[in-house]
Every structure is written in C-alpha cells, then in structure tokens.
Amino acid sequence: MITATFHMEGSRIVSFQVEGHSGLADAGEDILCAAVTSAVRLVECAVNDVLGLEASVKTRPEKALISLKLPGGLGQTNESTCQTLLTGMMLYFTQLQEEYPDNIIVMEV
C-alpha cells in the first residue's frame, strides 16, 4: 500500500512523505505507482527547479520513500504557489484513494 502523509501547520502544508508500493500490478506495470511517482516528481521539479527554492528532498529507495519539506521564509508569491501545488497533489491523491481504497491512503497530520 502507498501511504501519502501531508504534514500541516494549521491549513498550511509544510511537507509530505510518500512511502510504499500499491501492489496493484507488477513493478513497471503498476499504473497507480506510476501516477503517484509522476505527481511527486512534478511537484518537486516545480518547487526546486522552476521556482528555484531549496526544498529538502529525501529518498530511501529501499523503502520506496520520498519526502519533501518546504524551506522557511517563503515570500507571499512562492508560498501561494507552493500551497497550490501541494494542495493539488493532496487532492489528486485523495481522488486516487477513492478509486483504489485498498492500494493508497492519504493522511493529514
């Protein structure tokens, strides 16, 4: 099962962690894992490469884990953009959870 955890400070998403495999299909053929991985990589590229921020990204391939933590002191524009990206990803994962309830869980902590 994929576990996507979004860490909150009030209504603000400050970080997320995604861990595990969906088990929906064999490796390389799993559409749910591919969808989740693609969304995570898009957000990471948008935050770090497009916006030029230095969000902390940690990976542990042996656990199929990736996490991203936003840096502090973001200006209003970057904060708004990051929140839009992270909220959109959380909503997307929640919709995937509705379609595949045995394969992905989304949590806010």
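The values are calculated or read from the model by the stated rules, or taken from the named source; none is laboratory data. Everything numeric here is computed off the predicted structure, so don't read it as measured data. For neighbour counting, all protein chains shown are included, and Cβ atoms are generated from backbone atoms with ideal geometry for every residue, glycine included. Ligands, DNA and RNA are stripped out before the accessible areas are found, and what is left, the full protein with its side chains, is counted by its heavy atoms. Shrake-Rupley method; radii C 1.70, N 1.55, O 1.52, S 1.80 Å.
Evaluate the following for GLU29: is it exposed (fewer than 14 other Cβ atoms within 10 Å of the Cβ) and in a loop (DSSP other than H, G, I, E, B)? So GLU29 passes the test. The set of residues in region 82-96 that are of a type outside the set (A, V, I, L, M) and open to solvent by less than 50 Å² (accessible area, probe 1.4 Å) comprises CYS82, GLN83, GLY88, PHE93, THR94.
Do we find a residue being aliphatic (A, V, I, L, M), open to solvent by 90 Å² or more (accessible area, probe 1.4 Å), at pLDDT 95 or above and out of contact with any Leu (no Cβ under 9 Å at 6 or more places or on another chain) anywhere in region 39-47? No, region 39-47 contains no residue that is aliphatic (A, V, I, L, M), open to solvent by 90 Å² or more (accessible area, probe 1.4 Å), at pLDDT 95 or above and out of contact with any Leu (no Cβ under 9 Å at 6 or more places or on another chain). Cβ separations smaller than 6 Å between residues 6+ apart or across chains give the following pairs from region 69-80 residues that are within 17 Å of HIS7 (Cα to Cα) and open to solvent by less than 40 Å² (accessible area, probe 1.4 Å) to residues that are among the charged types (D, E, K, R) and outside any strand (DSSP E or B): PRO71/GLU54. Of the residues making up region 24-66, those that are over 16 Å from MET90 (Cα atoms) and touching a Cys at 6+ places or on another chain (Cβ under 9 Å) number 7.
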